[in-house]
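For reference, the structure is listed below as structure tokens.
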Amino acid sequence: MDEPLSNLDAKLRNEMRAHLKDLQKRLGVTTVYVTHDQLEAMTLGHRIAIMNNGVLQQVGTPVEIYRAPINQFVARFIGSPTMNMLTGSLLEESGSLYLQADSIKIKLPASTAASLKAKNLKQVTLGVRPERLYVKPQSEQNLALPISVIENIGPEFLVYSFHKQGQTVVRTPDEPTSDSLSLVLDPEHLHLFDEQGNRIAG
């Protein structure tokens with residue numbers, strides 16, 4: 001199938017996506033489905049092959065690709081809102097390793113720091129998905145960012161912060177009551193990429 005739902009409106013596209021998945025399940029027929037819509041790929045595919053300019057980037061299950069994208073292209077393509085990215089230099093202070101990007105300074109987990117030190121990297125890009133940033137009470141260890149835009153999408157809020165490094169998006173169940181965010185990053189769900197945009201393992 002070559003983008004069969006691309007010309008439908010959003011409501012009908014959602015309905016037909018569910019019908020297509022049900023039909024494929026009942027028939028048990030192996031189906032190749034081509035789409036530029038990452039949501040269709042994630043919801044319909046048992047295995048996904050992601051291509052960029054005709055070059056295969058990664059093959060895996062939706063969960064594998066979402067949780068462990070092989071490079072920045074895949075990380076940005078899968079997920080909505082897209083993965084937050086922050087490029088900076090590595091800075092060691094008092095035995096801890098930090099990512100420094102202008103005024104933004106993030107302490108990296110000890111396990112991650114050990115891996116980066118072993119690779120002798122000077123600059124990396126940190127990736128974290130919007131749902132893996134948590135709003136917490138203000139602390140020196142937290143990431144503090146100004147709030148630029150709040151989108152109410154029903155069961156939750158998307159909070160945008162525009163800064164020198166681009167933008168950061170946070171998915172949160174509660175509407176912020178101040179004009180800034182105090183954020184904690186989930187250390188188990190951080191993604192690191194080298195200067196070529198490839199995933200840094202370990």
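Looking across region 82-95, the residues that are outside any strand (DSSP E or B) and touching a Lys or Arg at 6+ places or on another chain (Cβ under 9 Å) come down to Thr82, Met83.
Every condition in (1) touching an Asp or Glu at 6+ places or on another chain (Cβ under 7 Å); (2) of a type in the set (S, T, N, Q); (3) under 17 Å from Glu188 (Cα atoms) holds for Asn84 except the one numbered (1). Within region 151-182, the residues that satisfy the criterion of being touching a residue at least 40 places away in the same chain (Cβ under 8 Å), in a loop (DSSP other than H, G, I, E, B) and either within 17 Å of the chain's Cα centre (by Cα) or surrounded by 10 or more Cβ atoms within 10 Å (Cβ to Cβ) (or both) are Gln165, Pro176. Note on region 82-108: residues that are in contact (Cβ under 8 Å) with a residue 24 or more places away in the chain, over 28 Å from Asp37 (Cβ atoms) and of a type in the set (A, V, I, L, M, F, W, C) total 6.
Looking across region 183-202, just one residue is surrounded by 15 or more Cβ atoms within 10 Å (Cβ to Cβ), part of a loop (DSSP other than H, G, I, E, B) and of a type in the set (D, E, K, R), and that is Asp194.
Of all residues in region 110-131, those that are under 15 Å from Gln196 (Cβ atoms) have Cβ atoms under 7 Å from Cβ atoms of residues that are exposed (fewer than 12 other Cβ atoms within 10 Å of the Cβ) and not hydroxyl-bearing (Ser, Thr, Tyr), 6 or more apart or on another chain, in Gln123/Glu195. Screening Leu27 against (1) without any contact (Cβ under 8 Å) to a residue 24 or more places away in the chain; (2) surrounded by 17 or more Cβ atoms within 10 Å (Cβ to Cβ) leaves a single unmet condition, (2).
Are any residues in region 1-31 of a type in the set (A, V, I, L, M) and out of contact with any strand residue (DSSP E or B) (no Cβ under 9 Å at 6 or more places or on another chain), and if so, which ones?
Passing the criteria: Leu5, Leu8, Ala10, Leu12, Met16, Ala18, Leu20, Leu23, Leu27, Val29.
For region 38-81, residues that are free of Cβ contacts under 8 Å to residues at least 60 places away in the same chain and in a loop (DSSP other than H, G, I, E, B) total 9. Checked against (1) of a type in the set (Gly, Ala, Ser); (2) in contact (Cβ under 8 Å) with a residue 40 or more places away in the chain; (3) surrounded by 13 or more Cβ atoms within 10 Å (Cβ to Cβ); (4) out of contact with any Phe, Trp or Tyr (no Cβ under 9 Å at 6 or more places or on another chain), Ala144 meets all criteria but (2). Considering region 71-102, the residues that are among the hydroxyl-bearing types (Ser, Thr, Tyr) and within 22 Å of the chain's Cα centre (by Cα) include one that is modelled with the lowest pLDDT, namely Tyr98.
The values are calculated or read from the model by the stated rules, or taken from the named source; none is laboratory data. No experiment lies behind these values; they were computed from the predicted model shown. Here the Cβ is made from the backbone with ideal geometry for all residues, glycine too, and neighbour counts use every protein chain on show.
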